[in-house]
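Right, one structure below, let's go through it.
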Amino acid sequence: MKKIVYASSLHGLEILSCSNDHQFSKHLHDGYVLWLNSESGEYFSLNGTSDILQPGAISIIEPGVIHSNRPCVPKQRHLRSFYFSEKFLKNLSTQFSNNGSYSLIPTCSIQDRHLWSEFAVLHETLLHSEDSLSMEVEIISTFSKLYELCSHRSTLPGNATKESRVNTVIDYFCDNIDRQFYLGELAELVQCTSYHLIRLFQREKGLAPHKFLIQLRLEKARKLLNKGAAIVDAALLSGFSDQSHLTRMFKARYGVTPGLYQKQLNLL
């Protein structure tokens, strides 16, 4: 059973608890993801490299970085994830610095059993506590330790790259997410051949343009569902052909149907 919690009162922090055997194929998030597994290891692949995230380790992945993951032992899985935006990180990190500045956290893995335990406790607190003050205190305290540890790290291989033509196409996707696109149109936009554009996306993002677009559409649909949009409206506004199309893609990506996803949110 996967339980998703949308903590809207916590300024853009979302948490997920996954104890089923769903395999997350190549995908992206439009915000940061921090995850840990409290029962067994988790196989993960990040831009062509593979590893196992063991209990006691923390993984952080930046927005837009393609990755996949699956449990080492499906029946022993308990994957705990935190999703947060750059704005959430900025709001917190300006409190941590003396001069009001902030720096972003790079994609990295952290071997720190004490910090891992604190995030596991925080995750459990957010799942079950209804005390807003207590939750805010725990969030700031735990994330401040993460920020102190990571803010001076160098960016690691696997981070989202800054290929301007790829980013131009991605921005174009986001600005017109509900319409259909053509490869020639995109190639013309960045003044290269269709073949070269496909190679750029494969090299920079690990996915072909159309597969990357699907990930963007799923994130858009998820945000609309979070706001209470009808499934059919979320589908059409995100560029899916119909509700059935969204449902198939959503379940393959998140492990639950859009209807169950909204039901879980409404139970909170």
- prompt: Identify, please: which residue in the stretch 32-43 is in contact with a Lys or Arg (Cβ under 8 Å, 6 or more places away or on another chain) and among the hydrophobic types (A, V, I, L, M, F, W, C) and is, among those, nearest to Phe82 (Cα to Cα)?
  reply: Trp35
- prompt: Hey, Leu200 hits all of (1) over 30 Å from Phe84 (Cβ atoms); (2) part of a helix (DSSP H, G or I) but one; which does it fall short on?
  reply: (1)
- prompt: In the stretch 253-265, is there at least one residue being touching a Leu at 6+ places or on another chain (Cβ under 8 Å), assigned to a loop (DSSP other than H, G, I, E, B) and assigned by TED's automatic domain parsing to the domain that holds Val169?
  reply: no
task: Output the residues belonging to the stretch 34-43 that are surrounded by fewer than 20 Cβ atoms within 10 Å (Cβ to Cβ) and closer than 29 Å to Ile170 by Cα.
output: Tyr43
Within the stretch 188-223, tally of residues that are at positive phi and loosely packed, with under 15 Cβ neighbours inside 10 Å: 1
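Is it the case, given these coordinates, that Arg80 is buried (at least 17 other Cβ atoms within 10 Å of the Cβ) and either among the β-branched types (Val, Ile, Thr) or not in a loop (DSSP other than H, G, I, E, B) (or both)?
Yes.
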message: Tally up the residues in the stretch 12-21 that are out of contact with any helix residue (DSSP H, G or I) (no Cβ under 7 Å at 6 or more places or on another chain) and either surrounded by fewer than 18 Cβ atoms within 10 Å (Cβ to Cβ) or modelled with pLDDT of 90 or more (or both), please.
response: 1
statement: Here the residues within the stretch 23-54 that are at pLDDT below 90, closer than 16 Å to Lys75 by Cα and part of a loop (DSSP other than H, G, I, E, B) are Ser38, Glu39, Ser40
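The rows are residues; the columns are (1) free of Cβ contacts under 8 Å to residues at least 12 places away in the same chain; (2) of a type in the set (A, V, I, L, M, F, W, C); (3) surrounded by fewer than 17 Cβ atoms within 10 Å (Cβ to Cβ).
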{"residue": "Asn47", "(1), (2), (3)": "no, no, no"}
{"residue": "Ser50", "(1), (2), (3)": "yes, no, yes"}
{"residue": "Glu62", "(1), (2), (3)": "no, no, no"}
{"residue": "Val65", "(1), (2), (3)": "no, yes, no"}
{"residue": "Arg70", "(1), (2), (3)": "no, no, yes"}
{"residue": "Phe88", "(1), (2), (3)": "no, yes, no"}
{"residue": "Ile105", "(1), (2), (3)": "no, yes, no"}
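Considering Leu200, Leu183, Leu213, which residue is within 21 Å of Ser25 (Cβ to Cβ) and either outside the structural domain of Thr49 (by TED's automatic domain parsing) or modelled with pLDDT of 95 or more (or both)?
Exactly one of Leu200, Leu183, Leu213 is within 21 Å of Ser25 (Cβ to Cβ) and either outside the structural domain of Thr49 (by TED's automatic domain parsing) or modelled with pLDDT of 95 or more (or both), namely Leu213.
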message: Just to verify a result, which residue in the stretch 101-140, among those that are β-branched (Val, Ile, Thr) and assigned to a loop (DSSP other than H, G, I, E, B), is modelled with the highest pLDDT?
response: Thr107
query: Is it true that Ser9 is modelled with pLDDT of 90 or more and of a type outside the set (A, V, I, L, M)?
result: no
message: Of the conditions (1) assigned to a loop (DSSP other than H, G, I, E, B); (2) in contact with a Lys or Arg (Cβ under 7 Å, 6 or more places away or on another chain); (3) touching a residue at least 40 places away in the same chain (Cβ under 8 Å), Phe240 satisfies every one except a single condition; which number is it?
response: (3)
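The values are calculated or read from the model by the stated rules, or taken from the named source; none is laboratory data. Bear in mind that the values here come from a model prediction, so they are computed numbers and not experimental data. Note that we place each Cβ from the backbone using ideal geometry, even for glycine, and neighbour counts take in every protein chain shown.
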